[in-house]
There are 2 protein chains.
Amino acid sequence: MLKQERHDLIMRQINLHNRVLSSDLVQLINVSEDTIRRDLQEMSDASLLFKVHGGALSKSYHSIFDDSDVYAKEDKIVIAKKAAKLVKDGMVVLTGGGTTILELAKQLPENINATFFTISPLVALELAKYPNIEVILIGGLFSKNSQITYGGHVISQLYEINVDLCLLGTSAIDPKNGLTDTDWEINQLKKAMLNCAKKVAVLCISEKLNTSLRLKLTSLENINYLITELDVNDEKLIDYQAKELKII
Amino acid sequence: MLKQERHDLIMRQINLHNRVLSSDLVQLINVSEDTIRRDLQEMSDASLLFKVHGGALSKSYHSIFDDSDVYAKEDKIVIAKKAAKLVKDGMVVLTGGGTTILELAKQLPENINATFFTISPLVALELAKYPNIEVILIGGLFSKNSQITYGGHVISQLYEINVDLCLLGTSAIDPKNGLTDTDWEINQLKKAMLNCAKKVAVLCISEKLNTSLRLKLTSLENINYLITELDVNDEKLIDYQAKELKII
DNA sequence: CATTTTTTTGCGGTTTCTTGCAGTTTTAAT
DNA sequence: ATTAAAACTGCAAGAAACCGCAAAAAAATG
């Protein structure tokens with residue numbers, strides 16, 4: 001293999017995963033560690049990537065969206081990792097938007113084999129980095145605020161699909177009122193999403209527990225998993241026991 | 001074997017495999033290493049290929065990766081600014097993907113009032129920053145390589161819309177062959193895009209002038225604007241005069 | 001047709017590039 | 001502090017590139 005080809009391959013890996021391990025490259029390309037190290041050194045000199053101990057990082061990792069100021073990022077990563085375990089090989093999954101879901105899209109296992117429908121372009125871009133995920137972006141009007149597609153066109157497309165699992169962020173959750181929201185359009189959309197999924201998982205930072213908003217989306221009985229950053233036995237979650245609801 | 005025959009053979013190898021090793025060519029053509037080296041040197045000078053230690057790589061293969069880290073950014077900004085002037089208040093516009101189009105999305109006038117259909121999530125995110133642009137993201141399968149939606153679902157949605165202007169990047173353009181491409185799916189998609197637009201503008205860095213690929217998209221007569229970073233009177237553009245085509 | 005001119009090609013010698021190895025130092029995590 | 005993994009350093013062998021030259025081939029010329 002020519003050096004340039006190696007470099008291209010490495011760039012592809014980096015564009016795909018935002019990072020590479022030297023050891024993985026050694027296996028993948030089947031050359032010595034030294035060669036990989038020198039490759040990374042050269043590419044780093046040409047500022048094509050950031051070289052770090054053990055591998056390299058994408059330079060453009062700081063994507064379009066500066067996610068450094070994402071609120072409660074650490075908590076969201078914990079939630080995302082838990083949620084990632086729900087996604088099994090062969091599944092068809094539907095996701096909403098939001099920073100928690102976006103984090104989930106980054107935390108999936110490298111080689112997972114699945115089909116993802118999503119209404120969030122950002123999530124689509126993130127999912128596209130996995131070699132074995134098929135991504136279908138549901139199109140329609142694009143909301144400047146929530147950065148998702150919405151409107152009648154989206155909803156009518158949702159009626160045509162049928163998924164194993166729907167992963168949803170939430171604005172507010174409460175034992176009595178269930179999931180609630182403020183925006184009527186988005187609420188309609190989420191109802192349609194729930195409607196086409198066999199199972200529903202709600203990702204929610206503990207801060208949003210015991211809050212309610214004006215519009216009711218659905219009650220707790222209709223969701224199957226509630227995922228927070230808290231320990232499963234945390235007392236804050238006691239009130240959320242429900243027949244079909246598994247707390248993770 | 002004549003020199004030109006050797007060159008043709010080398011080009012065929014490169015088009016076929018995207019790469020070629022000097023040592024293979026020596027065996028294949030049965031000439032000395034020096035001859036091969038000199039051949040590759042000449043072809044590299046004529047920028048028909050990329051010469052690297054040990055062989056040569058296809059130029060197009062290489063530029064795929066260059067595009068990802070915004071190759072020729074300055075030129076693309078010039079093109080984008082010219083193209084931005086085509087978009088008037090009240091228009092309904094359809095755009096493709098690619099770095100040039102993305103740059104265009106950044107160069108529009110602040111308060112422009114328009115409706116944009118797009119197959120590129122990245123472009124959608126960029127357009128969403130304008131307060132008075134309505135963005136409609138056309139959904140479907142998401143292509144990991146070109147970062148756009150594609151496939152039958154996208155095409156059938158394109159049949160249902162009708163736009164004033166279609167803004168398209170291009171892989172290759174040539175006076176005789178018109179616009180050409182390598183990917184059949186993407187080509188079908190672009191045909192559908194042309195089909196639903198009253199006017200078509202092609203954005204193209206001069207480097208891609210006089211290049212052809214395997215699949216024909218359309219001939220020059222069917223496009224209305226050709227936008228490059230060159231001066232309108234540049235001699236490289238002389239061959240592109242066509243009845244309906246305005247060079248910008 | 002003969003001869004001159006130009007181009008092309010292969011060869012020998014030299015230089016540069018690439019890669020893996022061995023030994024040492026640095027890093028990061030416990 | 002200990003320890004294992006990774007990074008660095010220098011080196012050497014093999015491969016490829018380069019340079020100048022001269023033979024061979026092709027083209028041009030009178």
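The values are calculated or read from the model by the stated rules, or taken from the named source; none is laboratory data. This one's a predicted model, so the numbers in the text were calculated from it and none came from an experiment. Cβ sites come from the backbone with ideal geometry, for glycine too, and all protein chains shown count toward neighbours. Just so you know, the surface numbers come from the protein's heavy atoms only, side chains and all, with ligands and any DNA or RNA stripped out. Shrake-Rupley method; radii C 1.70, N 1.55, O 1.52, S 1.80 Å.
Annotations for the structure displayed:
- Ranking A:Val31, A:Val52, A:His7 by Cα position along the charge dipole of segment A:3-61, where only Lys, Arg, Asp and Glu carry charges on their C-beta atoms, puts A:Val52 farthest toward the positive end.
- Two-decimal ratio, segment A:169-220, of alpha-carbon radius of gyration to 2.2 N^0.38 Å: 1.05
- Computed over all pairs of different Cα atoms, the Kirkwood value for the hydrodynamic radius of segment A:3-61 is 10.9 Å.
- Relative to one another, the C-alpha centroids of segment B:1-64 and segment A:166-200 are positioned 59 Å apart.
- Chains A and B, summed buried accessible surface - 1.4 Å probe, Å², nearest 100: 2700
- Extended-chain gain in nm, criterion 0.36 nm per residue less alpha-carbon gap, B:Asn210 and B:Ser32: 60.8 nm
- Only the Cβ atoms of Lys and Arg (+1) and of Asp and Glu (-1) were treated as charged; on that basis the dipole of segment B:70-247 about its Cα centre amounts to roughly 160 debye.
- Principal axes of chain B: Cα extent on each, largest first, Å: 65, 40, 28
- Residues along segment A:117-144 losing 20 Å² or more of accessible surface when the other protein chains are present rather than the chain by itself (probe 1.4 Å): A:Pro121, A:Leu125, A:Ala128, A:Glu134, A:Val135, A:Ile136, A:Leu137, A:Gly139, A:Gly140, A:Leu141, A:Phe142, A:Lys144
- Judged by the ratio a/c of the largest to the smallest principal axis of the C-alpha gyration tensor, the protein assembly as shown counts as oblate, that ratio being 1.5 or greater while a/b is no larger than b/c.
- Measuring gaps between exposed loop sites in chain B (GluC sites (Glu not before Pro); DSSP loop; at most 11 other Cβ atoms within 10 Å), the longest gap, sites not included, is B:1-109.
- Per atom type, segment B:70-247 shows carbon and sulfur on 47% of its accessible surface, probed at 1.4 Å.
- Computed from the alpha carbon positions, the gyration tensor of segment B:55-196 leads to an equivalent ellipsoid with semi-axes of 24, 19, 14 Å, biggest first.
- Per residue, the accessible area of chain B comes to 49 Å², computed with a 1.4 Å probe over protein heavy atoms only.
- Tilt relative to chain A, helix A:33-45 - C-alpha long axis, 0 to 90 degrees, to 10: 80
- Within the protein assembly as shown, DSSP assigns beta bridges of which about 45% are antiparallel (rounded to the nearest 5).
- Loop-located chymotrypsin sites (Phe, Trp or Tyr not before Pro) in segment A:143-189 whose Cβ has at most 12 other Cβ within 10 Å (DSSP): A:Tyr159
- Working note: 222 nm ellipticity from helices only, DSSP H runs with n ≥ 4, each -39,500 (n - 2.57), summed and divided by the residues of chain A, gives -9000 deg cm²/dmol to the nearest 500.
- When the P(r) of segment A:179-248 is calculated, the portion above 14 Å amounts to 61% of the C-alpha pairs.
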